[in-house]
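Can you keep this structure in mind? I'll have questions shortly.
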């Protein structure tokens, strides 16, 4: 997986802060005893942490749109879209997307600090 180019400062600033209620993204965790549990995610960091869960479920296409529209990160959204189109399991896609988003988060934190 190739590295992402450095994001503009405006995008980096958006990625490191929380979003409002209308801009949130939803996911779902699965637990053996309680079953599926909805998760509300208000930041890019929360999405990255959520994707580290044992059984995360998120609508990949919605995540792609959220990354493009809410975060303003078109490059990352395109890369997520490319992963979505690959012929592999959702688990493999989740791992790739998580790694890509974690890389972007580190970039943004180093720019905004």
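Please identify which residues in region 38-57 have an amide N closer than 20 Å to a label point set 7 Å out from the Cα of residue 102, following the Cα→Cβ vector.
Label zone hits: 41-57.
With each run of n ≥ 4 DSSP H residues scored as -39500 (n - 2.57), what mean residue ellipticity at 222 nm is computed for the chain after dividing by its residue count and rounding to the nearest 500 deg cm²/dmol? Show your work: numbers first, answer last.
Values: 5 runs with 60 residues, N = 113.
It lands at -16500 deg cm²/dmol.
Along the Cα→Cβ direction, 7 angstrom out, place labels at residue 88 and residue 9. What is the inter-label distance in nm?
3.6 nm
Based on the mean of other beta carbon atoms within 10 Å per residue, what is the order of 45-58, 76-89, 21-34, 95-108, most packed first?
Working: 45-58: 16.8, 76-89: 14.6, 21-34: 12.1, 95-108: 18.6.
Ranked by mean Cβ neighbours within 10 Å, highest first: 95-108, 45-58, 76-89, 21-34.
List residues of region 1-31, by number, whose backbone nitrogen lies under 13 Å from a label position 7 Å along Cα→C-beta of residue 78.
Output list for this probe position: 4-6.
By how many degrees, 0 to 90 and rounded to 10, does the Cα axis of helix 60-69 deviate from the longest principal axis of the chain?
That helix lies at roughly 30 degrees to the long axis.
With everything on Cα atoms, drop me the angle between helix 90-112 and the longest principal axis of the chain, reported from 0 to 90° to the nearest 10.
Between the helix axis and the principal axis of the chain, the angle is about 30 degrees.
Using only Cα atoms and rounding to the nearest 10 degrees, what angle (0 to 90) does helix 74-85 make with the longest principal axis of the chain?
Approximately 30 degrees, to the nearest 10.
Since every read-out is calculated from the coordinates, none of them should be taken as a lab result. Model, not experiment: these values are computed from the prediction. All Cβ positions, glycine included, derive from the backbone under ideal geometry; neighbour counts span all protein chains shown.
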